[in-house]
1. Regarding the range A:107-115, can at least one residue be identified that is more than 17 Å from the chain's Cα centre (by Cα), within 16 Å of DNA strand C (Cβ to nearest atom) and either surrounded by 15 or more Cβ atoms within 10 Å (Cβ to Cβ) or part of a helix (DSSP H, G or I) (or both)?
2. If I ask for residues that are charged (D, E, K, R) and open to solvent by less than 10 Å² (accessible area, probe 1.4 Å), which ones from the range A:138-176 would you list?
3. Taking the range A:53-78 as the search range and keeping residues that are farther than 17 Å from residue A:11 by Cα and open to solvent by 40 Å² or more (accessible area, probe 1.4 Å), which one is farthest from the chain's Cα centre (by Cα)?
4. Looking at this structure, is residue A:258 in a loop (DSSP other than H, G, I, E, B), of a type in the set (Ser, Thr, Tyr) and either in contact with a helix residue (DSSP H, G or I) (Cβ under 8 Å, 6 or more places away or on another chain) or modelled with pLDDT under 90 (or both)?
5. Identify, from the list A:203, A:210, the residue that is away from DNA strand B (no atom under 16 Å from the Cβ), open to solvent by 70 Å² or more (accessible area, probe 1.4 Å), in a helix (DSSP H, G or I) and modelled with pLDDT of 90 or more.
6. Scan the range A:28-63 residue by residue and report those that are touching a Phe, Trp or Tyr at 6+ places or on another chain (Cβ under 8 Å) and assigned to a strand (DSSP E or B).
Amino acid sequence: MPELPEVESVRRSLLPHLLGRRVASARLLRADICDTHDGTPPTHAHLLRDASIAELRRHGKQLAILAADGRALVVHLGMSGRLFVSRDSTLPTHAHALWTLDSDTRLVFEDPRRFGGIWTLPHPDALARRWADLGPDALDINGPALERALAGSRRPVKAALLDQRTLAGVGNIYADEALFAARIAPKARAGSIRGMRADDLALAIRRVLLDAIYAGGSTLRDYRDGTGQPGSAQNRHQVYARAGLPCLACGTPLRQASIAQRTTVWCPRCQSTRLGQKPKAHRARQRTRVPAG
DNA sequence: AACACCGCCTGAGCGC
DNA sequence: TGCGCTCAGGCGGTGT
């Protein structure tokens with residue numbers, strides 16, 4: 001489930017452990033999770049051995065580790081991926097790559113479901129080219145840019161938000177949360193989101209993502225940051241995983257359907273499909289989830 | 001061109 | 001107790 005807030009939380013938590021550190025050794029335990037830029041089997045050089053880590057950069061859900069000599073790695077966490085530092089010598093079952101730093105700290109990439117992976121890059125220009133295929137980062141989106149990204153599309157707006165070429169960083173959880181916050185029905189046509197509605201949606205996306213970053217991301221099951229800490233943003237979810245429960249703004253039972261092959265939850269009353277008709281009082285309460293069981 | 005849909009993969013949770 | 005089924009989901013590839 002790592003979406004933008006989780007990847008950003010990983011980035012921030014890793015910064016103090018990685019910046020300025022030299023990669024003393026690198027090991028790939030599963031070669032098939034790593035794609036090299038030159039198509040040759042991954043080597044220690046591909047994996048930044050002897051490099052000094054200069055920067056951690058994020059675009060959407062992708063995290064890049066940039067070395068001072070220009071080499072870079074892109075890490076994709078996919079569904080169940082984790083990237084974390086550890087001083088423990090034991091490795092998790094699905095550890096696929098590890099790096100030992102000159103601080104004797106280990107950086108571990110683990111991914112049970114293997115929807116994630118690592119991509120090697122020779123130069124920052126290659127990173128820029130890779131990321132050019134992605135839409136604008138969702139933390140930077142504004143109304144006019146979002147309107148441009150959605151223009152002409154007849155898809156449901158939910159499907160468009162999940163498309164990383166349209167907007168980078170939003171996944172299933174925060175798409176539902178942002179649409180609820182903006183009071184837009186997930187099935188509304190993407191191309192119909194214009195003007196003030198685009199402003200509303202862009203603002204909702206930024207706010208939902210920033211709130212989640214401040215809460216350290218959403219830990220539903222697997223997610224931990226780069227030091228093993230869970231997040232608490234799941235306690236703030238208004239609609240995700242709440243199908244059938246009362247809307248926190250109006251009490252109407254939340255509905256669920258599959259849109260773009262993703263479970264989608266929304267409030268049929270607050271999130272009107274009709275244009276220009278905004279029900280008045282909509283103020284979602286802050287919610288603390290009661291622990292299950 | 002735009003969009004729909006499949007398949008990859010594992011572990012949790014459930015019913016029997 | 002344990003087996004088998006379903007579900008979760010990002011994204012690349014293929015089909016329409």
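1. Here is the first cut: in the range A:107-115, the residues more than 17 Å from the chain's Cα centre (by Cα) are A:107-108, A:112.
Add one more test, that the residue is within 16 Å of DNA strand C (Cβ to nearest atom), and what stays is A:112.
From what's left, either surrounded by 15 or more Cβ atoms within 10 Å (Cβ to Cβ) or part of a helix (DSSP H, G or I) (or both): A:112.
Yes, the range A:107-115 has at least one match.
2. Quick first cut of the range A:138-176, residues charged (D, E, K, R) only: A:140, A:147-148, A:154-155, A:158, A:163, A:165, A:176.
Across the range A:138-176, the qualifying residues are A:158, A:176.
3. Let us first name the residues in the range A:53-78 that are farther than 17 Å from residue A:11 by Cα, namely A:68-71.
Narrowing the set further to residues that are open to solvent by 40 Å² or more (accessible area, probe 1.4 Å) leaves A:68-69, A:71.
Numbers: A:68: 26, A:69: 28, A:71: 24 Å.
It comes out as A:69.
4. Values: in a loop (DSSP other than H, G, I, E, B): no; of a type in the set (Ser, Thr, Tyr): yes; either in contact with a helix residue (DSSP H, G or I) (Cβ under 8 Å, 6 or more places away or on another chain) or modelled with pLDDT under 90 (or both): yes.
Spelling it out, it is not the case that residue A:258 is in a loop (DSSP other than H, G, I, E, B), of a type in the set (Ser, Thr, Tyr) and either in contact with a helix residue (DSSP H, G or I) (Cβ under 8 Å, 6 or more places away or on another chain) or modelled with pLDDT under 90 (or both).
5. Values: A:210 fails: open to solvent by 70 Å² or more (accessible area, probe 1.4 Å).
Every option except A:203 fails the conditions.
6. A:34, A:35, A:59, A:62
The values are calculated or read from the model by the stated rules, or taken from the named source; none is laboratory data. Given the structure is predicted, the values throughout are model-derived calculations rather than measurements. Methodologically, a virtual Cβ is constructed for each residue, glycine included, from the backbone with ideal geometry; neighbour enumeration extends over all protein chains shown. Just the protein is used for accessible areas: all its heavy atoms, side chains included, with ligands, DNA and RNA removed. Shrake-Rupley method; radii C 1.70, N 1.55, O 1.52, S 1.80 Å.
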